[in-house]
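What follows is one structure encoded as structure tokens, with my remarks underneath.
The values are calculated or read from the model by the stated rules, or taken from the named source; none is laboratory data. No experiment lies behind these values; they were computed from the predicted model shown. Virtual Cβ from ideal backbone geometry, glycine too; neighbours counted across all protein chains shown.
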């Protein structure tokens with residue numbers, strides 16, 4: 001059931017993104033007087049379809065990994081003389097540019113709408129209060145201290161953990177200085193200092209942003225309380241339930257959740273005499289962790305339970321309420337920031353400043369989509385918006401076979417006053433197809449190495 005849920009959720013997410021993208025092309029094409037022959041979600045054989053009064057066929061196809069809008073075009077077949085005025089290739093170049101750019105822009109608009117709803121519903125986050133600074137780290141050299149709140153990075157406000165993470169993500173792979181603004185609790189005085197970074201976290205597949213600075217942020221002590229039990233895992237097999245409290249393992253007291261995690265990870269396939277509490281009753285069982293592999297390829301034990309996250313103290317929580325106009329402005333800014341961040345990340349990957357292992361494919365998307373959905377509607381909508389920005393920006397890259405490649409050719413035509421020769425376009429499409437397929441293969445390879 002878990003696998004079917006993941007597949008259904010992933011396909012549904014992709015269908016929404018593709019439908020919005022293709023509807024952008026479709027809507028503008030209609031306004032420009034172009035005859036749309038088919039609007040398809042998916043490729044291959046049509047599972048079901050229908051036609052509207054203008055002769056457009058709407059189709060849901062068998063291979064749900066994309067979609068397309070097919071328009072009347074002399075390059076794809078003979079067009080009756082009476083219909084030439086409705087052919088895409090006969091339209092002025094500015095109209096063709098509008099039709100092609102409408103798909104990616106529709107994805108960016110979807111992100112703006114999604115963030116607008118999230119901001120209207122209210123935003124919350126944790127205050128980035130430093131709990132510990134590692135000696136000789138970037139943070140230590142910059143003079144950061146435990147007990148300080150990080151209020152800005154490179155001049156960008158960091159009121160929450162999420163905002164701080166975004167600012168730090170933007171510096172991955174960079175060399176130079178990084179500027180921090182910090183203050184002490186109950187004080188409005190902000191101190192600025194600088195640290196030095198050198199190709200910061202560039203080789204990390206899963207960068208630890210806070211650890212890379214040499215800091216840990218304050219979190220309340222996490223007791224060993226079970227929050228979730230994985231179906232068919234070792235813990236489920238012996239009857240562990242959410243809410244159970246881990247007391248002792250082989251007679252060793254488990255004060256904190258990490259005590260339990262470290263104990264289990266060190267004992268793959270070794271029986272553990274477990275004592276745990278359910279309500280007022282103390283229970284005993286023998287638990288055998290299954291063999292698993294961590295991100296570094298090391299063998300560890302795993303029992304299939306997740307922690308119940310304790311609440312953060314109220315004074316370390318931030319709540320934001322915005323009106324409709326303020327939410328719209330914040331949504332546009334957020335979408336713009338993510339678009340710029342995506343382009344900068346692509347540039348850094350090309351320059352070798354970010355590991356290509358960070359490129360993800362459909363398997364990783366499926367896992368993240370499922371985790372986001374389980375975390376609640378807000379997390380899922382946020383992930384959908386992020387994917388929509390990525391799809392929009394990637395499609396605007398000047399790579400033939402992508403929308404951006406078509407825009408490149410049409411822009412040259414607009415400036416030169418004549419179309420790019422078809423032979424050059426054909427070579428460009430072949431190179432573009434090779435590049436896109438290469439990225440897809442690399443993304444899939446990265447997905448499988450993470451399994």
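Here are a few things to note about the model shown:
- Qualifying residue in segment 188-201 (condition: outside the structural domain of residue 351 (by TED's automatic domain parsing), over 27 Å from residue 308 (Cα atoms) and within 19 Å of the chain's Cα centre (by Cα)): yes
- Flag if residue 219 is modelled with pLDDT under 90, in contact with a strand residue (DSSP E or B) (Cβ under 9 Å, 6 or more places away or on another chain) and within 30 Å of residue 345 (Cβ to Cβ): yes
- The set of residues in segment 181-201 that are under 26 Å from residue 354 (Cβ atoms) and free of Cβ contacts under 8 Å to residues at least 24 places away in the same chain contains only 198.
- Flag for residue 18 being assigned to a loop (DSSP other than H, G, I, E, B) and at pLDDT below 95: no
- Of the residues in segment 121-135, at least one is at pLDDT below 95 and within 25 Å of residue 19 (Cβ to Cβ).
- From the list 273, 249, 292, 266, the one residue that fits, being surrounded by 12 or more Cβ atoms within 10 Å (Cβ to Cβ) and either at pLDDT below 95 or within 31 Å of the chain's Cα centre (by Cα) (or both), is 292.
- Selection status of residue 284, surrounded by 15 or more Cβ atoms within 10 Å (Cβ to Cβ), modelled with pLDDT of 90 or more and not assigned by TED's automatic domain parsing to the domain that holds residue 447: no
- Residue count for segment 90-140, restricted to those that are over 19 Å from the mean Cα position of the chain (by Cα), surrounded by 22 or more Cβ atoms within 10 Å (Cβ to Cβ) and farther than 25 Å from residue 174 by Cβ: 5
- Hits in segment 319-360 - residues which are outside any helix (DSSP H, G or I) and surrounded by 16 or more Cβ atoms within 10 Å (Cβ to Cβ): 322, 353, 354, 355, 359, 360
- Where helices (runs of 4 or more DSSP H) sit wholly within segment 372-451, those with at least 2 residues that are over 20 Å from residue 91 (Cα atoms), touching a helix residue (DSSP H, G or I) at 6+ places or on another chain (Cβ under 8 Å) and in the same structural domain as residue 334 (by TED's automatic domain parsing) occupy 377-395, 422-450.
- Of all residues in segment 51-77 being in a strand (DSSP E or B) and closer than 27 Å to residue 421 by Cα, the one that is farthest from the chain's Cα centre (by Cα): 71
- Contact map, segment 144-173: first residue in contact (Cβ under 8 Å) with a residue 60 or more places away in the chain, second residue part of a helix (DSSP H, G or I) and exposed (fewer than 14 other Cβ atoms within 10 Å of the Cβ), Cβ cut-off under 9 Å, separation 6 or more or different chains; pairs are 170/340.
- Among (1) touching a helix residue (DSSP H, G or I) at 6+ places or on another chain (Cβ under 6 Å); (2) more than 30 Å from residue 15 (Cβ to Cβ), the one test that residue 120 misses: (2)
- For segment 193-281, the helices (runs of 4 or more DSSP H) that sit wholly inside it and include 2 or more residues that are more than 30 Å from residue 148 (Cβ to Cβ) are 234-237, 257-265.
- Yes/no for residue 424 being surrounded by 12 or more Cβ atoms within 10 Å (Cβ to Cβ) and over 19 Å from residue 99 (Cβ atoms): yes
- Failed item, numbered, when residue 302 is tested on (1) closer than 29 Å to residue 442 by Cβ; (2) in contact with a helix residue (DSSP H, G or I) (Cβ under 6 Å, 6 or more places away or on another chain); (3) surrounded by 18 or more Cβ atoms within 10 Å (Cβ to Cβ): (2)
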